[in-house]
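Undergrad: Starting off with a structure, shown below.
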Amino acid sequence: MRAILHYLAAMVIVPLYGTRVCPFIETLNPAQVIIPIVVVMSAQLVLRRPLRAWLVCRAPLKHQVERVFWLELGLFATSAIVVMFYNDLVYGFPLLASGLKVFFGLTGLGFFAASDIALAHERTVADIIERDGTTIEPDANYFPLTRKVALFASISISALVGVFMLLVIKDMAWIVRVGDQIPLMDMQISILKEFAFVLIVVLPHTLNIIRSYAHNLNRAFSNQTRVLSQVTMGEYNLHVPVASNDEFGVMAMHTNTMVQRIKDRTAELARTRDVTILSLATLAETRDNETGAHILRTQRYVRALALQLQDHPRFCQDLDDETIDLLYKSAPLHDVGKVGIPDAILLKPGKLTDDEFKIMKTHASLGAQALEVAERELGTNSFMHFAREIAETHHEKWDGSGYPNGLKGDEIPISGRLMAVADVYDALISKRVYKPAFPHSQAMDILRQGSASHFDPDIIAALDVLDTRFADIAQEFSDTSKAAQ
């Protein structure tokens with residue numbers, strides 16, 4: 001449709017242009033001027049489709065825009081040459097005095113049409129690349145957009161000046177010829193009409209190209225800004241479509257490389273974090289012969305509870321996806337402080353004395369102190385923040401009777417409240433030297449009895465919903481299954 005509009009415009013503009021700049025064409029009647037232009041432009045429109053399929057559609061995407069431009073410009077220039085020689089053969093018009101004016105006018109319109117159609121095809125290429133998820137690799141010697149704009153501006157200004165000069169030359173000859181027969185005011189009005197005609201033709205074409213350039217630039221900048229804004233928020237699974245063989249394509253290519261490197265480095269840091277947690281948790285596990293698969297189960301209990309509470313009014317502000325992932329990764333460090341408990345107490349096969357239990361309870365503070373050192377280095381937004389919270393507060397109780405700080409209610413961090421439920425449940429269903437393993441139903445009853453005294457009542461309500469999920473986790477990661485692995 002865009003090409004058809006340009007062709008129809010040429011069929012109207014070129015005959016009017018010819019009669020205003022060429023005294024020879026001015027001698028013809030309207031039919032003699034219009035019919036050759038309409039026939040040639042119609043033939044051009046018919047030939048355009050197969051030529052486009054052959055020269056453009058078979059080319060790589062990154063070269064198609066350039067080929068569209070030269071194809072359209074070449075078709076207009078060819079039509080101009082055909083009209084030139086037609087007027088020379090049929091009417092005897094001189095090629096230099098008349099034919100070049102026709103060539104200049106029709107090719108000038110072709111330049112505007114080719115630029116607009118090429119810019120539209122650039123958007124089509126971008127649509128294909130975004131739809132198919134493909135990309136192009138810009139050439140090392142691409143034609144810069146700055147030079148394209150400068151070239152377009154230069155040609156537009158030259159065309160405008162050239163047409164005005166042709167008008168001036170024709171009008172001067174006309175004034176000499178009829179100056180004594182037509183009033184001066186009428187001649188001035190006639191000349192102004194011709195100048196107005198040129199402006200009416202050239203300015204809309206120029207503004208249309210500027211609009212097309214702006215549209216394409218806005219698309220490129222929008223894609224670039226969208227991806228960069230998402231990257232600043234930690235989303236790395238995006239890329240800028242590399243859809244143009246110019247500096248914007250190069251910019252998009254380098255942006256994608258940068259994002260991929262940030263993604264790789266972030267993944268490497270995440271793996272380092274996970275290995276650090278696993279190493280510390282394994283260290284604690286080697287000191288406690290009753291731990292078994294305890295850390296595997298408790299971290300999954302914590303995640304299940306957090307996901308269940310994610311939409312709860314009391315928790316939704318704190319339990320976003322990233323926080324839940326950090327809680328899951330940090331949960332294995334809840335008993336890291338046990339590395340500081342003497343073996344005689346930690347590994348005692350029987351029930352602890354009151355004094356021994358006092359020492360055992362210090363594992364919460366010892367773990368928090370050790371992790372606080374790392375947190376100061378990494379910052380309060382690091383996973384060590386949650387690890388320290390969990391280590392220090394997972395033995396606090398809702399009614400304030402827990403340890404080590406006697407925190408009460410919402411004074412206990414959410415991480416500690418979640419870990420308290422997970423830790424006690426797993427202790428109940430696990431065999432210890434001082435007790436047998438309780439069945440799941442009995443463990444659940446004990447936890448419910450501790451609601452609003454030992455545990456946050458809303459977390460116990462979430463636990464009721466997850467009843468079978470907890471049982472499945474306990475079964476999947478039982479000490480027996482871990483030993484088998």
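The values are calculated or read from the model by the stated rules, or taken from the named source; none is laboratory data. Worth saying up front: this structure is predicted, and the values here are computed from it rather than measured. Every residue, glycine among them, receives a Cβ derived from its backbone with ideal geometry; neighbour counts consider all protein chains shown.
Undergrad: Here is a check on your reading of the model: is ALA391 in contact with a strand residue (DSSP E or B) (Cβ under 9 Å, 6 or more places away or on another chain), under 27 Å from PRO349 (Cα atoms) and not basic (Lys, Arg)?
TA: Against the criterion (in contact with a strand residue (DSSP E or B) (Cβ under 9 Å, 6 or more places away or on another chain), under 27 Å from PRO349 (Cα atoms) and not basic (Lys, Arg)), ALA391 does not qualify.
Undergrad: Starting from residues that are hydroxyl-bearing (Ser, Thr, Tyr) and within 26 Å of ASN216 (Cβ to Cβ), keep the ones in segment 75-127 and report whichever is surrounded by the fewest Cβ atoms within 10 Å (Cβ to Cβ).
TA: The extreme case among them is THR124.
Undergrad: State whether the residues of segment 13-24 include one that is assigned by TED's automatic domain parsing to the domain that holds LEU89, loosely packed, with under 14 Cβ neighbours inside 10 Å and not in a loop (DSSP other than H, G, I, E, B).
TA: There is no residue in segment 13-24 that is assigned by TED's automatic domain parsing to the domain that holds LEU89, loosely packed, with under 14 Cβ neighbours inside 10 Å and not in a loop (DSSP other than H, G, I, E, B).
Undergrad: Then there is this: Would you confirm, using the coordinates I've provided, whether THR353 is of a type in the set (Val, Ile, Thr), at negative phi and loosely packed, with under 15 Cβ neighbours inside 10 Å?
TA: Yes, satisfied.
Undergrad: The conditions are (1) at pLDDT 85 or above; (2) of a type outside the set (A, V, I, L, M, F, W, C); (3) more than 17 Å from HIS6 (Cα to Cα), and GLY162 fails exactly one of them. Which is it?
TA: Unmet for GLY162, out of (1) at pLDDT 85 or above; (2) of a type outside the set (A, V, I, L, M, F, W, C); (3) more than 17 Å from HIS6 (Cα to Cα): (1).
Undergrad: Please go through segment 426-469 and give me each residue that is without any contact (Cβ under 8 Å) to a residue 24 or more places away in the chain and of a type in the set (Val, Ile, Thr), ordered by number.
TA: ILE446, THR468, listed by residue number.
Undergrad: Applying the selection to segment 406-433, what residues are within 17 Å of PHE470 (Cα to Cα) and hydrophobic (A, V, I, L, M, F, W, C)?
TA: Hits for segment 406-433 are LEU418, MET419, ALA420, VAL421, ALA422, VAL424, ALA427, LEU428, ILE429.
Undergrad: Right, something else. Given the conditions (1) in a helix (DSSP H, G or I); (2) farther than 16 Å from ILE210 by Cα, and given that THR135 satisfies all but one, which numbered condition is not satisfied?
TA: (1) is the only condition that THR135 fails.
Undergrad: Right, here's the next one. Looking at segment 274-288, I want the residues that are assigned to a helix (DSSP H, G or I) and have a partner that is surrounded by 13 or more Cβ atoms within 10 Å (Cβ to Cβ) and at pLDDT below 75 with Cβ atoms under 8 Å, at least 6 apart or on another chain. Which pairs are those?
TA: Listed by first residue and then by second, the contacts come to ILE277/PHE383; ALA284/THR291; GLU285/THR291.
Undergrad: Name every residue in segment 57-79 that is in contact (Cβ under 8 Å) with a residue 24 or more places away in the chain and not in a helix (DSSP H, G or I), in order of residue number.
TA: PRO60
Undergrad: Turning to a different aspect of this structure: How many residues are of a type outside the set (A, V, I, L, M, F, W, C), modelled with pLDDT of 70 or more and over 30 Å from TYR7 (Cβ atoms) if we restrict to segment 165-215?
TA: 1
Undergrad: State which residue is nearest to HIS294 (Cα to Cα) when the search covers only segment 379-408 and only residues that are buried (at least 20 other Cβ atoms within 10 Å of the Cβ) and small (Gly, Ala, Ser).
TA: ALA391
Undergrad: Taking helices (runs of 4 or more DSSP H) that fall entirely within segment 312-419, which contain at least 1 residues that are modelled with pLDDT of 90 or more and in the same structural domain as ALA462 (by TED's automatic domain parsing)?
TA: Passing ranges, in order: 321-330, 354-361, 363-378, 383-393.
Undergrad: Could you list, in sequence order, the residues of segment 221-257 that are of a type in the set (A, V, I, L, M, F, W, C), under 28 Å from PHE69 (Cβ atoms) and assigned to a loop (DSSP other than H, G, I, E, B)?
TA: Of everything in segment 221-257, those that are of a type in the set (A, V, I, L, M, F, W, C), under 28 Å from PHE69 (Cβ atoms) and assigned to a loop (DSSP other than H, G, I, E, B) turn out to be VAL240, VAL242, ALA243.
Undergrad: Which of the residues spanning segment 92-123 are over 40 Å from the mean Cα position of the chain (by Cα), assigned to a helix (DSSP H, G or I) and touching a residue at least 24 places away in the same chain (Cβ under 8 Å)?
TA: Within segment 92-123, ALA97, SER98, LYS101, VAL102, PHE103, PHE104, GLY105, LEU106, THR107 meet the criteria.
Undergrad: Then there's this: Restricting the search to segment 28-55, which residues are within 33 Å of the chain's Cα centre (by Cα) and either surrounded by 18 or more Cβ atoms within 10 Å (Cβ to Cβ) or touching a residue at least 24 places away in the same chain (Cβ under 8 Å) (or both)?
TA: ARG52 - this is the single residue of segment 28-55 that is within 33 Å of the chain's Cα centre (by Cα) and either surrounded by 18 or more Cβ atoms within 10 Å (Cβ to Cβ) or touching a residue at least 24 places away in the same chain (Cβ under 8 Å) (or both).
Undergrad: Criterion first (more than 40 Å from the chain's Cα centre (by Cα), touching a residue at least 40 places away in the same chain (Cβ under 8 Å) and part of a helix (DSSP H, G or I)) does LEU89 satisfy it?
TA: No, not satisfied.
Undergrad: A further question follows. Among the candidates VAL83, VAL65, single out the residue that is assigned by TED's automatic domain parsing to the domain that holds LEU119, within 44 Å of the chain's Cα centre (by Cα) and either among the aromatic types (Phe, Trp, Tyr) or closer than 24 Å to SER156 by Cα (or both).
TA: VAL65
Undergrad: Shifting gears a bit: Is it fair to say VAL38 is among the β-branched types (Val, Ile, Thr) and either more than 30 Å from GLY249 (Cβ to Cβ) or in contact with a Phe, Trp or Tyr (Cβ under 9 Å, 6 or more places away or on another chain) (or both)?
TA: The answer is yes for VAL38.
Undergrad: Right, something else. Can you confirm whether segment 271-282 contains a residue that is surrounded by 16 or more Cβ atoms within 10 Å (Cβ to Cβ) and more than 22 Å from ARG388 (Cα to Cα)?
TA: No, the conditions are met nowhere in segment 271-282.
Undergrad: Quick check: is even one residue across segment 409-422 of a type in the set (D, E, K, R), buried (at least 16 other Cβ atoms within 10 Å of the Cβ) and in contact (Cβ under 8 Å) with a residue 60 or more places away in the chain?
TA: no
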